[in-house]
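What follows is a set of notes on a single structure, which appears directly below.
Read-outs: derived from the displayed coordinates by stated rules, not from any lab. Just so it is clear, the structure is predicted and the values come from calculations on it, not from any experiment. Heads up, the Cβs are rebuilt from the backbone with ideal geometry, glycines too, and the neighbour counts pull from every protein chain shown.
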Amino acid sequence: MNRKKFLTSASILALASIPGSKLIAETLKKPSKELPLIDTHQHLADLVRFGKGWTSPPVPGNYDMKAYMEATRNVNMVKAVYMEVAVPLARRHEEALYAIEMCKDKSNPTIGAVISADLLSPDFEKYISQFKGSEYIKGIRYGFRSTESMKDPLLIKNVEVLGKLNMSLDFTISPAWLLPVAELIKACPGTRFLVNHCGNVDPRAFLDPSKITGKPNHDANEWIAAMKTVAENKNVVCKISGIISVSSGYPKSAETLAPGINHCLDIFGPNRVMFASDWPWCLKSNSLEEWVVILKEIVKNRPYKEQKKLFHDNAIKFYSI
């Protein structure tokens with residue numbers, strides 16, 4: 001048995017004890033036409049190099065590039081985009097340089113990076129402009145402090161600066177904030193936006209209440225309507241990620257995750273969705289490989305061309321990688 005077959009067999013055996021793993025194991029045994037994958041949301045938490053104050057991964061461990069490449073060894077990951085990991089303010093520039101270092105290293109798949117910066121800082125333009133023309137820095141991710149901050153003239157000005165620099169803005173927000181952020185997106189048509197983690201959809205909102213634990217974080221129909229309002233803006237795309245670990249109280253499977261994911265795919269359309277692993281944060285629930293298998297199962301009946309756009313082509317176009 002060669003190494004690749006051995007690793008696949010080992011993966012199947014390792015999955016055998018996981019609830020709902022039968023489908024995953026069968027998919028690994030009989031893979032469909034192999035897709036090239038681009039991970040548009042790769043976190044690295046190298047605590048050995050940077051210390052425990054660098055960031056807080058979801059489960060104990062050191063999540064450096066070596067660990068990432070081990071996690072992706074069976075999924076045909078051809079490229080990746082590094083995503084900031086909420087390092088302390090004073091170390092943001094250090095993280096940006098680290099991300100560039102990873103991108104320059106051709107021994108790994110990372111080819112672009114999304115860094116952290118403060119959109120409410122008067123010095124934002126000066127800070128981000130140092131990366132003007134960089135082939136590696138693709139944009140920033142920002143955590144909005146309130147819905148009111150989305151209307152702040154300084155924030156809007158700085159979001160427009162990103163567009164002028166051909167950079168994008170990733171954001172992760174509560175479903176309750178989707179409508180206000182839609183207004184910001186509309187106000188900045190020259191900047192590209194990315195809704196992270198399926199708009200923080202809670203899969204429980206679409207499941208039988210008798211089969212879940214706890215109350216969903218939002219109403220299903222209100223979330224759908226809000227996501228449609230966001231998607232009306234053509235300068236925004238949706239990352240299919242995060243849903244694997246957004247909440248507990250139900251089994252993680254293609255069946256339970258499909259409703260929220262399919263809504264995202266249908267609302268944004270095949271040209272404005274991108275696969276993302278959210279590794280190692282996805283490890284709160286499943287391995288990266290398990291997440292890929294689940295998502296492939298959900299989209300298996302969609303045209304191969306659309307699947308390839310989701311897993312590969314759209315990321316190439318959006319990030320120019």
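Structure data summary
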{"quantity": "For region 145-253: relative contact order, % (alpha-carbon pairs under 8 angstrom, 6 or more apart)", "calculated": "30 percent"}
{"quantity": "Segment Asp64-Lys157, extension gain: residue separation times 0.36 nm, minus the distance between their alpha carbons", "calculated": "30.0 nm"}
{"quantity": "For region 202-321: rounded, prolate or oblate by the Cα gyration tensor [a/c cutoff 1.5]", "calculated": "oblate"}
{"quantity": "Fraction of antiparallel bridges per DSSP, the chain only, in percent to nearest 5", "calculated": "5 percent"}
{"quantity": "Net charge of Cβ neighbours under 12 Å - reference Asn166; Lys, Arg +1; Asp, Glu -1", "calculated": "+3"}
{"quantity": "Cβ-based charge dipole, the chain, positive-most Cα from Ser253, Pro88, Asn217", "calculated": "Ser253"}
{"quantity": "Ranking of His93, His197, His41, His312 by count of other Cβ atoms within 10 Å, fewest first", "calculated": "His93, His312, His197, His41"}
{"quantity": "Euclidean distance of C-alpha centroids, region 158-201 and region 219-287, integer Å", "calculated": "16 Å"}
{"quantity": "Long-range lysine pairs (8 or more apart or interchain), region 164-284, Cα under 30 Å", "calculated": "21"}
{"quantity": "Helix-only mean residue ellipticity at 222 nm for the chain, each DSSP H run of n ≥ 4 adding -39500 (n - 2.57), per residue, nearest 500", "calculated": "-11500 deg cm²/dmol"}
{"quantity": "Residue order, fewest to most beta carbons within 10 Å, for Arg49, Arg192", "calculated": "Arg49, Arg192"}
{"quantity": "Counted charge near Gly190, where neighbours are those whose Cβ lies closer than 11 Å (Asp, Glu -1; Lys, Arg +1)", "calculated": "+1"}
{"quantity": "Debye, to nearest 20: dipole size of the chain, +1 on Lys, Arg Cβ, -1 on Asp, Glu Cβ", "calculated": "900 debye"}
{"quantity": "Fewest-first ranking of Leu310, Leu155, using other Cβ atoms within 10 Å as the exposure measure", "calculated": "Leu155, Leu310"}
{"quantity": "Sum of side-chain charges, Val246 neighbourhood, beta-carbon under 12 Å (Lys, Arg +1; Asp, Glu -1)", "calculated": "+1"}
